[in-house]
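**Student:** A single structure is presented below for examination.
The values are calculated or read from the model by the stated rules, or taken from the named source; none is laboratory data. Just so you know, these numbers come straight off a predicted model, no measurement behind them. Don't worry about glycine lacking a Cβ; one is built from the backbone with ideal geometry, like all the others, and counts go over all protein chains shown. To get the accessible areas, we keep the full protein, side chains included, count just its heavy atoms, and leave off ligands, DNA and RNA. Shrake-Rupley method; radii C 1.70, N 1.55, O 1.52, S 1.80 Å.
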Amino acid sequence: MKRFITPSFLLLSLLYTFCLQGQDIHYSQFNWIPVLANPALSGHLPDADMQYGILYRDQGFTVTPQSYSGFSAFADTKIAKGFRSRDYLGLGLTVLHDNAGTGALTTNGISLNLAYHFPLSEKNTLSWGGQGSIFQRSYGDFAAFSFEEELNGSTFSEALQNDTRQYFDGHTGLVFTSSVEETYLLQVGGSIYHFNNRSAITDLSSIDKFTLRYSTFATYNRSLNDRLDIEPRVQFQYTERSRELLGQVVMGYLISEFYNTDVKLKFGGGLRWQDAWQVLLGLEYGNWEVGFAYDSNIS
């Protein structure tokens with residue numbers, strides 16, 4: 001099998017902020033960090049042995065200098081054959097750092113992903129994956145917070161307990177993939193995040209716990225001719241406090257060949273229903289890809 005490495009670099013903005021428990025980690029171009037979109041995508045590399053990428057996003061920098069920013073990096077690979085000759089296992093590692101707002105609520109995490117890929121036929125594959133994460137959350141600047149007592153002219157005398165917390169988080173997902181060489185690629189998946197959380201979240205634990213998040217996605221990439229392809233994609237996410245529907249369409253155009261290597265321009269847009277529109281740009285050079293996304297609120 002041909003061996004190559006696919007690094008990816010992307011600057012983009014956070015989709016939106018989940019309320020009360022702080023912000024969950026997800027991005028405008030959700031497919032750029034595959035294991036955050038669905039744990040079953042770990043090591044899903046039909047034509048490669050390994051892929052990796054890094055991503056940076058900044059939210060709210062036009063509103064306040066204390067913006068929301070984050071960094072994620074991942075690498076995943078095939079590691080072993082499965083029970084059948086065509087089955088295989090995928091292993092992935094993801095690290096992230098997230099910094100939120102005036103009080104610098106900081107999240108650091110590392111996730112280990114394991115997926116089993118079960119080919120149903122020459123063009124169809126069913127994948128299941130699990131992800132275990134260790135997170136540390138803390139606030140950076142206690143003096144930056146304003147409390148009700150202070151706003152009313154009184155003195156705030158309470159102390160926040162355990163300003164640094166660590167906890168384990170668990171996620172799982174299922175993905176169906178259908179493809180015919182370079183003609184088309186269809187992926188549909190669903191996942192559950194934070195399934196090990198307690199059913200009742202108290203005020204004291206709200207800094208370091210997220211409620212259950214259900215996520216589904218579908219992407220469809222099709223070649224229209226030798227130079228042009230189109231990729232519509234959609235994602236829906238649901239928690240007990242928030243719902244999000246995101247639709248995007250990205251076009252890819254082969255602009256030239258450089259030293260026998262394809263160079264492809266990517267461009268498109270997206271809409272986060274009743275919340276924001278998006279501009280998406282990118283460039284592929286062989287097995288490398290760089291991209292940019294910008295969100296503008298309409299809500």
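**Student:** Okay, which of segment 217-247 sit inside 18 Å, backbone N to the point 7 Å along the Cα-Cβ direction of F195?
**Tutor:** The answer is 217, 237-240.
**Student:** Give the calculated FRET efficiency between Q166 and R86 to the nearest 0.05, with a Förster radius of 35 Å applied to their Cβ-Cβ distance.
**Tutor:** Calculated transfer efficiency: 0.30.
**Student:** Ordered by residue, what ³J(HN,Hα) values in Hz, to whole numbers, does segment 84-94 give under the Karplus form 6.51 cos²θ - 1.76 cosθ + 1.60, where θ = phi - 60° and Gly and Pro are x?
**Tutor:** Those phi angles translate into 9, 5, 8, 6, 8, 9, x, 10, x, 10, 10 Hz.
**Student:** Arrange the residues I33, I230, I79 by how much accessible surface each exposes, largest first, with a 1.4 angstrom probe.
**Tutor:** Putting I33, I230, I79 in descending order of accessible area: I79, I230, I33.
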